[in-house]
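Shown next, in C-alpha cells, is the structure this report addresses.
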Amino acid sequence: MRLGSGTFAAGCVVIEVLGVALFLRGFFPAPVRSFSGPEHHAETPAPEPSAGATSNWTNRPPPLFSKVVIMLIDGLRDDFVFGSKGVKFMPYTTYLVEKGASHSFVAEAKPPTVTMPRIKALMTGSLPGFIDVVRNLNSPALLEDNVITQAWASGRRIIFYGDETWVKLFPRHFVEYDGTTSFFVSDYTEVDDNVTRHLDAVLKRGDWDVLVLHYLGLDHIGHVSGPHSPLIGRKLGEMDSILMRIHTSLLSQERETSPPSLLVLCGDHGMAERGGHGASSVEEVNTALLLISSAFERKPGDVRRPQHVQQTDVAATLAIGLGLPIPKHSVGCLLLPVVAERAMREQLRLLHLNAVQLCRLLQENVPSYEREPGFEQFQKSERLHANWVRLYLEDSHADVLLSLGSKVRRQYSDALRTLSLALSAQGAHYDVYSMLVGAVVVLEVLALLLLSVPQALGATAELDVPLSSPVSCLLFYLTLLLLGAVHVIVCTSAESSCYFCSLAWPAVATVLALASALLCAVASALTRTLVGGELLRRNPAHSGPRWPELDLLLLLGTLGHAASLGSSSFVEEEHQTWYFLVNTLCLALGHDICRRCFPGDDGDRAEWLAGAAPTRPDKSPRHDVLDLDQRRKGRSSLDALRGPEKWMVLASPWLVLSCCRLLRSLNHTGVQWAHRPDLGHWLASSHHKAELSVLAALCLLAIFMLAHRRCSPVSRVAMALGLLGVYCYRAATGHLLLPWQRESKGISKGIVEARFVYVFVLGLLFMGTKDLLKSRVIAADHTHQPTGLRDLHGGLVLLAALLVRPHNLPVLLCSLLVQAVMTRFVWRPLRHSAAEVTAMHYWFGQAFFYFQGNSNNIATVDISAGFVGLNTYMEVPAMFLTAFSTYAGPVLWASHLVNFLSSDTRSGTAPRGPWRPDKAAPAFASRARTGAPRPPFEETICPEDLQRPFRGSRHICVGLTRTAAAAGRSRFLRVSAGFTAADEPPGPAPHPPRQDSQNSRESALPFPLVPHRF
Amino acid sequence: MSAGPFQIATQEYTMKNTDIKRLLYTHLLCIFSIILSIFIPSFFLDNFSVLETHLTWLCICSVFVTAVNLVLYLVVKPNTSTKRSSSHKVTRFLKCCIYFLMSCFLFHVIFVLYGAPLIELVLETFLFAVILSTFTTVPCLCLLGPNVKAWLRVFSRNGVTSIWENSLQITTISSFVGTWLGAFPIPLDWERPWQVWPISCTLGATFGYVAGLVISPLWIYWNRKQLTYKTN
C-alpha cells in the first residue's frame, strides 16, 4: 500500500497520541474519589447495624470535644519532639508526652512533602492525585470535602493565624484570620510573632470552636541553616512555651458540663538532613503528631510509645472528634486511642461509621471490591457488631458485652487498616501493563518514522507500507495471537485494577492489531534498510561524508539536551540549557558567516569552497567544474550582498544574541534564581504602570510593523485594530494607563475589548484557512497558500499579544524580530537546509517558551489567560487559552517554520531538501532493486547545494531529478543517481576519476539545468 | 619529478620530527608554568588556594602563561619567515597589546551575552575574559602577530601551514570547548564551592588548554604521515 508522506505523518501522529494517552492513563492513575454528589450534609449517617432488633440510635454521635486547637508547625519532624532535641528544648511537651494526658504518634506524610498538599492531606484525608492539579486550575480554593468545610457548614466558628496558604484554600471559612506570607525565607522571627501576637486575646475571648495556628519559622530556619542549627533549639523552645500557654488556657476554661477541649500539635512534613523537603526520605516523611486533652487520662506508670500512623488519619479523627461526617475522600482511619475512654457502644458506632465511609470509597473505585480482603473483614465485623448491639439491647451481662465488644473493636480496627491500605495503594500504583502497551506503540511508531525518513522525503514523497505481503501477514497473525495470549494471561492474573484490561474487547483488539501491524511494518522497513545498506557498503564510493560544524552542533545539542533530562537538576534548570544552546548556535552562525564573508586569500578560498584536501595538486576536471560552480554560487550568495546588506548579515547573530540576553533578564525562572528581582517584576509592580504602558504601546506598534509586512490591506487593518483592542483590553483591566485618562476608574474584566480582539483573531484565521483551502482545491494555484499561511501566523500573533501578560509583550516582539532577522539575513543568504532550519526553529521555540517566564513547575502556568474575554469559567475555552498562552513561543515558531518552508520552496531559490545524499541512497537502492523503470529523460541539476555535506569527499552525486517537481504536487526533489564517480581509492594520491567527458562538459555549462542521460 | 620529491619528502620528514619534539617541549613548559602558578604563590601569600582566592590565582596564572609564551617565542622562534626591522618592533608590540585588550573586552561581552551578570561581579567576569584571552589570544599573537588575515586563515578549514599553527588551532579550540563545558555545572543544585560564577568556567578553560597542549603534539605525531603543509 503506497501512502503519501503527509498521510503517513498524520497517521503516525494519531497513533502516537493514542499511545501517549494510554501510557499517561497508566502513569497517572485516577485519584481515589467518590462520585456521589456534594449534598453530603443532608445525608443521614449510617445507622448502627443490628440483627433483628431495631436500634434506637440513628442520629449522628455527639462531638467528643468542644474546642479544638490545631497548632501546625511547618517542618516539625518527629525527632524534634520525641528525640533528644525535644527533651532538651521542649520540656513541657516532653512532660506531656511522657506523663500528661496525651497521645503521641509519628505521622507519616506521603510525598510530595510540600506544605500545600500536606495541608490538603491533613484536612481532607485523601492522597493528592496528579490529576487534581488540572482539575483545580480554575480556583485555588479547596473544593474537596474536608474537615474545615464541614465544621464551617455546621456553624462552628473557626479562627486562623499563620501561613496564608490556608486562606487561599479556605477563602470564606474563617471568621477571623491573619495570613503571613512565606515569601521571605530568611525571616524566622517576624513570621511567627505575627501569629503569636493574636494569641492572648483569642484565648481569653473563647468565642470560637476551632483555632488553627500555622507556624512557619521552623521550616524557614531549616531552609536557611539546616536541622542542626542552634537556631532550631531556640525556635523549639519558643514553640514549647506557646504550647504551654495554649494548654494552660484551655485547661482553665474547661467546665464540667461541656466536653473537654483538644489540642493538636502536628507537623506538615519533616526536614531533610540538608534542611529542605519535598522528597520521600525518612526525615522528610516522619512528622510529630501529639493530641492533648484532659479526656486522655492516664494512670501513673502507663508508658505510651509514639505509634506510627498515617497523616491522613488526622482528618478522620478530627471529624469524629468534632462530631462531623468523615470527609468523603478520606482514606484514613480513626486513631483508636482517642476514643478509647468512651463507652463501648459509642466506640463501635464510630468505628462502624469510619468503616462504612471507607467501604463506600472502595466500592466506587475498585470494580472487584467484593474480592478485597478489607471488604470481607468489614462484613464480618459488621455482623459481629450487629450481634453485639442485639445483646446490648437485650441487657446482657456487662462482662460478656465488654469481652465481646473488645473483640469486635479489634476486628473493626483490622478491617479499617486493610481498607485504608488498599485505598492508598489504589492511588499510588502505576498501571504497568497499560504503560507498557502505550510505550510499545509509541516506540514502534518512532522506529517506523526513523526508518522511513529517507523514503518519505524522497522524490515521490510516497512510501510503501507493506501490510499485504504474505510474510508480513504471517508475522502479523503470529504477533497478534501472542499479544492476545499475553493480554488474557495478564488480565486474569492481575490482582489490582488495570485500565487496559477494563477496556471493551473491540478496543483492545484494535490496539493489539495496531501494535502487531506496526511491528510488521518496522520489521520490513528494517530489512529493506539493511539490504539497502548492504548495497551501499558494496559501493566503495560511499565513504563517510564530513559533517559541517553547524549540523554537528545542532545534532549534538538536541541529543545532549535529551540526555540531560535524565537528571532532575537539569530538568529544574532546563531553561539554562536552552539559553546556552541558543547562544552557542548564534555564535556558531556568526563564525560561519565570518568565514564566508572574509575568506583568507583567493587560493585558500577556492580550497575552502571546494572542500578538497589541500594535498591534491591537480584537480579532476569534475572538481574544477564543481569548484567553479561552488565559487559562482558562493559569490552569488554572499558576495552579491554589498554594503549595508553584508554588514547586516554580519551583525545579525549579535543582534539575536542581544535580544536573547535582554529577554533572559526579563523573566527569571527555574528553581534556584527564580526569586531574584527581574525586569518583569519591576514592570508588573503597580508603581511602574506608566513605564509599562509606554513599553507595551511601543511593543504593539513594532509587532504590527513586523508581523504584517507583506500582507493584504484587509488583514493589515484587522491586525492594527486587533492590536489597538489589545491595548484597550489591558487598560480596561487596569494593567496599563490610557493617556487621556488620569484617574484610574473602576477596573472591569474587559470582556467587550477582549471579544473585540477575538473577532479579528477569528477573522484572520478564517481568511488564512480560506486561502489555504483555495490553494488546495485549485492544485495549480500556489499564490494563495503563502498569503493564507501568513494570515494564519498573523492571527496567532494577535491572539498571543492578547493573552500574554503585558510585561511579556517584549518577548513576543523579540520573537518576531528574531524570526525576521534570521529569515532575511541568515537563512535565506546562507541557504541552510530545511533540516537545519527546522532544528533551529525548534531550539528557538524552546528558548522562547522559557523567555516567557515558564518553567517545568506547574506553578508558573498563567491561569489568568484562561479568563480573557470570558464571563464565567468555561472549561474547554479556558483550557485552550491557557495552553496557548503557555506555549505561545513554540507555537509561533512552529507556525513561522511552516511559513518559511512553504515560501522557500515556492520561490525555489534554494530548495535543498531535508535529506542528505547518503540518507537518500536507500530509496535509490530499493528502486534499483525493484527495477522500477527509469524515466528516459530527466532534468538534472548539478546540485551545488548538495555538496556542502560532502565537502571532504570526492564523490559527487550527479543527478537531482525533477520529475516530481514537474508533477506539480510535491516540492521535494530527489537524488536519483547517487554516486557515479565510484571506485577511487582513498588517499592523497592524485587519481583522475573515471569520468565521461560529456558529463563534465555538461556541468561546465553556466546554467545548472542540463539534460542528463542514464 | 622522480627523485626530487622523494628527497624533499625525507627532508621534510626529519624536519617535522624535530619540530614535533620542539613543540612537545614548549607545550610541556606551558603546562609546567600552570602547575607552578598553583604551587609557587602559596610560599609567598597566606591563605592562598585556587578556589578560595580564585581571582589572585587567575592573575598569577595569566601572568605566568603569558611570560612563558613570550619567552618561548623569543627562544624558539617558530615563525622563521619574520623579517622585520627593529623599528617596527615597538609598534608591533603596542598593536599586540591593543589586540589583547580588545579580545578581553570581546570575551567579556560574549560572557555577558551568555548570561553573566551585567553589573555585579564585573571584576570576576573580566578576569575570566583575561585568562581565556591568555590561553587563546596570546599564543596567536606570539605566533601570527597582529595580523587578522593570518588568523582567519589559520582558523578556517584547511588553512594551516605548519605544525605550530596546527597545534595553535587545537589548543585554542580545546580551550574554548573546555570553557563551554565548564559552564554546565553552574545552574545545578549541588552547592559545591567550585560552582560559583567564574570558577567552573575558568577551571574548564584551564583543563581544556592543558588538554590541548597534551593532545596536539600527540595528534600531530600520530597523523604526521597525512599532514603535509603548503610552503608559503
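The values are calculated or read from the model by the stated rules, or taken from the named source; none is laboratory data. In this text, all values refer to a predicted model and were calculated from it rather than measured experimentally. Neighbour counts are summed over all protein chains in view; Cβ atoms, including those assigned to glycine, are modelled from backbone coordinates with ideal geometry. These accessible areas exclude ligands, DNA and RNA; they are computed on the full protein's heavy atoms, side chains included. Shrake-Rupley method; radii C 1.70, N 1.55, O 1.52, S 1.80 Å.
Structure notes:
- Residue match in region A:214-235 (condition: in a strand (DSSP E or B), open to solvent by less than 10 Å² (accessible area, probe 1.4 Å) and within 18 Å of A:Cys266 (Cβ to Cβ)): yes
- Scanning region A:650-686 for residues that are of a type in the set (Lys, Arg) and open to solvent by less than 40 Å² (accessible area, probe 1.4 Å) returns A:Arg661, A:Arg664.
- Listed conditions (1) within 35 Å of the chain's Cα centre (by Cα); (2) modelled with pLDDT of 85 or more are all met by A:Asp207, apart from (1).
- Exactly one residue out of A:Met822, A:Met874 is surrounded by fewer than 22 Cβ atoms within 10 Å (Cβ to Cβ) and either of a type in the set (A, V, I, L, M, F, W, C) or in contact (Cβ under 8 Å) with a residue 40 or more places away in the chain (or both): that is A:Met874.
- Those residues of region B:23-63 which are open to solvent by 60 Å² or more (accessible area, probe 1.4 Å) and aromatic (Phe, Trp, Tyr), in sequence order: B:Tyr25, B:Phe32, B:Phe39, B:Phe43, B:Phe44
- From the list B:Thr136, B:Thr125, B:Thr171, the lone residue that is closer than 25 Å to A:Glu574 by Cβ, open to solvent by less than 30 Å² (accessible area, probe 1.4 Å) and touching a Phe, Trp or Tyr at 6+ places or on another chain (Cβ under 8 Å) is B:Thr125.
- Checking each residue in region A:687-713 for being in a loop (DSSP other than H, G, I, E, B) and open to solvent by 30 Å² or more (accessible area, probe 1.4 Å) picks out A:Arg709, A:Arg710, A:Ser712.
- The lone exception for A:Asp268 - which of (1) among the acidic types (Asp, Glu); (2) more than 22 Å from A:Phe65 (Cα to Cα); (3) open to solvent by 10 Å² or more (accessible area, probe 1.4 Å) it fails: (3)
- Against the numbered list (1) closer than 19 Å to A:Ser658 by Cβ; (2) within 14 Å of chain A (Cβ to nearest Cβ); (3) among the hydrophobic types (A, V, I, L, M, F, W, C), B:Ala129 comes up short only at (2).
- Counted residues, region B:158-177 - those being more than 17 Å from B:Leu23 (Cα to Cα), within 14 Å of chain A (Cβ to nearest Cβ) and not aromatic (Phe, Trp, Tyr): 4
- Unique residue being open to solvent by 40 Å² or more (accessible area, probe 1.4 Å) and either of a type in the set (Val, Ile, Thr) or touching a helix residue (DSSP H, G or I) at 6+ places or on another chain (Cβ under 7 Å) (or both) when the list is A:Val726, A:Val717: A:Val717
- Restricting region A:366-386 to residues that are part of a helix (DSSP H, G or I) and touching a Ser or Thr at 6+ places or on another chain (Cβ under 8 Å), the residue that is surrounded by the fewest Cβ atoms within 10 Å (Cβ to Cβ): A:Pro373
- A:Asn854 satisfies every condition listed in (1) closer than 30 Å to A:Asn583 by Cα; (2) not in a loop (DSSP other than H, G, I, E, B) except (2).
- A:Leu692 vs. criteria modelled with pLDDT of 50 or more, in contact with a Leu (Cβ under 6 Å, 6 or more places away or on another chain) and more than 30 Å from A:Leu738 (Cβ to Cβ): no
- Pairs meeting the criteria (first residue in region B:143-157 and facing chain A (nearest Cβ under 8 Å) and open to solvent by 30 Å² or more (accessible area, probe 1.4 Å), second residue of a type in the set (Lys, Arg) and not in a helix (DSSP H, G or I), beta carbons under 9 Å, at least 6 apart or on different chains) are B:Arg157/A:Arg951.
- Any hit, region A:132-146, residues being in a helix (DSSP H, G or I), at pLDDT 85 or above and surrounded by 20 or more Cβ atoms within 10 Å (Cβ to Cβ): no
- Filter pass, A:Ala865 being open to solvent by 10 Å² or more (accessible area, probe 1.4 Å), part of a helix (DSSP H, G or I) and either touching a residue at least 24 places away in the same chain (Cβ under 8 Å) or more than 23 Å from B:Gly115 (Cβ to Cβ) (or both): no
- Residue count for region A:546-574 under the criterion of being more than 9 Å from every other protein chain (Cβ to nearest Cβ) and open to solvent by less than 70 Å² (accessible area, probe 1.4 Å): the result is 12.
- Some residue of region A:423-432 being assigned to a helix (DSSP H, G or I), more than 30 Å from A:Val338 (Cα to Cα) and at pLDDT below 85: yes
- Residues of region A:367-389 satisfying the condition of being closer than 28 Å to A:Tyr499 by Cα and at pLDDT 85 or above: A:Pro373, A:Gly374, A:Phe375, A:Glu376, A:Gln377, A:Phe378, A:Gln379
- Pick from region B:188-214, criterion more than 14 Å from chain A (Cβ to nearest Cβ) and more than 22 Å from the chain's Cα centre (by Cα), ranking: surrounded by the most Cβ atoms within 10 Å (Cβ to Cβ): B:Trp194
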